[in-house]
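Read through the structure below, which is laid out as structure tokens, and then see the notes.
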Amino acid sequence: MFAVKSVKQSLVPSSELASMMEIFRFMVNQCIKIGLENNTATMRKLSLLSYHSLSEYDIQSKYKLTAISQAAGRLSQMKRSIKKGIRAKSPFVSRPYLVSCYGFKINGMFLSIPIGNRRHVNIVLKDYTISKLSEKGAELRSFTITPDSLSICIRKDVKETTPRNVIGIDRNLRNVTISTCTGPIMYKTNKLLSIKENSSYVLASFKRYDVRVKKHYQRRLGNRRSRRIQQYLHKISKDIVQRAVQTKSMIVFEDLKEIRKLYRKGNGQGNKYRRRLNSWSFHELQRQIQYKAAWEGIPIQFVDPKRTSQLCPICGDKIQEDRFQHRKLWCTNCKRVMDRDIVAALNISYKGWSRFCHPRGLPNEVMSGNSGNLQPVILGINGSKLQNLR
Ligand SMILES: [Zn+2]
């Protein structure tokens, strides 16, 4: 199984590269036009139709091939969206860029890109990029240059580890809770909320009637906000994946779908509440963990989030909300107060374990038959016990 990731660094392209990027953009747009006229999105048909029309461009033929494949990718993306019922615009590339998977090399600290007539452009790589590229088993796949960045895609052949433990991840607005074999860990994410609140406050206070200036300002502030949030989440996802590698665990998420539908206008919620929940970046953490775990060979599974914070992880009985404490639950059977987020994380890892790790596990609710059994929470569920539950 191959894992793919890319390394990005900032870059200001030279004038030669910039003109190549502009030519590349024209070629992609021309191929898209031809594809739309002939209603085709397959690479083979598109290259037969458009390769000769690209002869007017003064660029190496390997870039023509990648331009065709870029156009084919964008066209098939559009077709997929139409199939799903999403109203899709015809694709058009407005920013110059350059992609290729042929003929480039890493020479020490340089990335050398062919530009024709046996000439090359050398780009200085940063230390971080070099360290990622020289990782064991990593192969170079392709590079992408945009007006402000260079990213290099690398691939590694990874063997998926057979999991011995489970890490269940419960994502909430103010924290991310994981349950590991050594105990639950809670990462506070209050900082993200304050970043979002502050930036929306600053945006609202900016008053100018010129729409262009306003848009420019909004874009800059929005980019800064998403960079800060991403950076914050990278720390959490890195830590979680490292723990999974150390304990040889599988990572289990709850499958959150259609979460935004819950907080739409007219659902009887306040504006501020809806803004907070609609800007909840639950997917970004999942995306980061998915690619980082794939790179290390850690398997990832999803379970149904239904009833994960309603059942006791110890006895499996229905659990009640504690009226006197915020976000605490009270199990009448075990006579215990438990944290709501930890309960959810434990239940998620139970579900994941019973479903994906145990060969004859029950399809869901493994704890439901266990009622009255006052045992501490142990993640490695005894197999023989499970069979008796049937
Ligand atoms: Zn209980």
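The values are calculated or read from the model by the stated rules, or taken from the named source; none is laboratory data. The model shown is predicted, which means the values in this text are computed figures rather than measured ones. Quick reminder, even Gly has a Cβ in these numbers, built from the backbone with ideal geometry, and neighbours come from all protein chains shown.
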Worksheet item: Taking region 234-270, which residues are at pLDDT 90 or above and of a type in the set (Val, Ile, Thr)?
Response: Ile236, Ile240, Val241, Val245, Thr247, Ile251, Val252
Worksheet entry | Residue match in region 340-362 (condition: assigned by TED's automatic domain parsing to the domain that holds Thr247, surrounded by 14 or more Cβ atoms within 10 Å (Cβ to Cβ) and at pLDDT below 70) | yes
Discussion item. Take the residues in region 318-335 that are of a type in the set (D, E, K, R) and at pLDDT 85 or above; name whichever of them is nearest to Thr162 (Cα to Cα).
Written reply: Lys318
Item to complete: Quick one: count up the residues across region 284-298 that are outside any loop (DSSP other than H, G, I, E, B) and either farther than 13 Å from Leu233 by Cβ or without any contact (Cβ under 8 Å) to a residue 12 or more places away in the chain (or both).
Response: 6
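Conditions (1) part of a strand (DSSP E or B); (2) loosely packed, with under 11 Cβ neighbours inside 10 Å; (3) among the polar types (S, T, N, Q), marked per residue:
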residue: Met78; (1), (2), (3): no, no, no
residue: Arg87; (1), (2), (3): no, yes, no
residue: Ile113; (1), (2), (3): yes, no, no
residue: His120; (1), (2), (3): yes, no, no
residue: Ile123; (1), (2), (3): yes, no, no
Item to complete: Having 2 or more residues that are touching a Leu at 6+ places or on another chain (Cβ under 8 Å) is the bar; report the strands (runs of 3 or more DSSP E) wholly within region 126-219 that clear it.
Response: 138-146, 149-157, 165-171, 175-180
Worksheet item: Which of the residues that make up region 44-57 are crowded, with 16+ Cβ neighbours inside 10 Å and not hydroxyl-bearing (Ser, Thr, Tyr)?
Response: Leu46, Leu49, Leu54
Item to complete: Residue by residue through region 306-327, note down the ones that are buried (at least 18 other Cβ atoms within 10 Å of the Cβ) and touching a helix residue (DSSP H, G or I) at 6+ places or on another chain (Cβ under 8 Å).
Response: Thr308, Ser309, Leu311, Cys312, Pro313, Cys315, Gly316, Ile319
Worksheet, complete the sentence: Of those in region 280-300 that are in contact with a helix residue (DSSP H, G or I) (Cβ under 6 Å, 6 or more places away or on another chain) and under 13 Å from Glu254 (Cα atoms), the residue surrounded by the fewest Cβ atoms within 10 Å (Cβ to Cβ) is Ile300
Worksheet item: In the set Ala72, Ala88, which member is within 25 Å of the chain's Cα centre (by Cα) and touching a residue at least 24 places away in the same chain (Cβ under 8 Å)?
Response: Ala72
Worksheet item: Of everything in region 302-339 that's part of a loop (DSSP other than H, G, I, E, B) and hydrophobic (A, V, I, L, M, F, W, C), which residue is farthest from the ligand (Cβ to nearest atom)?
Response: Phe324
Practice prompt. Look through Tyr201, Tyr187 and report the one residue that is of a type in the set (Phe, Trp, Tyr) and in contact (Cβ under 8 Å) with a residue 24 or more places away in the chain.
Written response: Tyr187
Response to the item:
Lys257 meets each of (1) under 21 Å from Asn190 (Cβ atoms); (2) assigned to a loop (DSSP other than H, G, I, E, B) with one exception, condition (1)
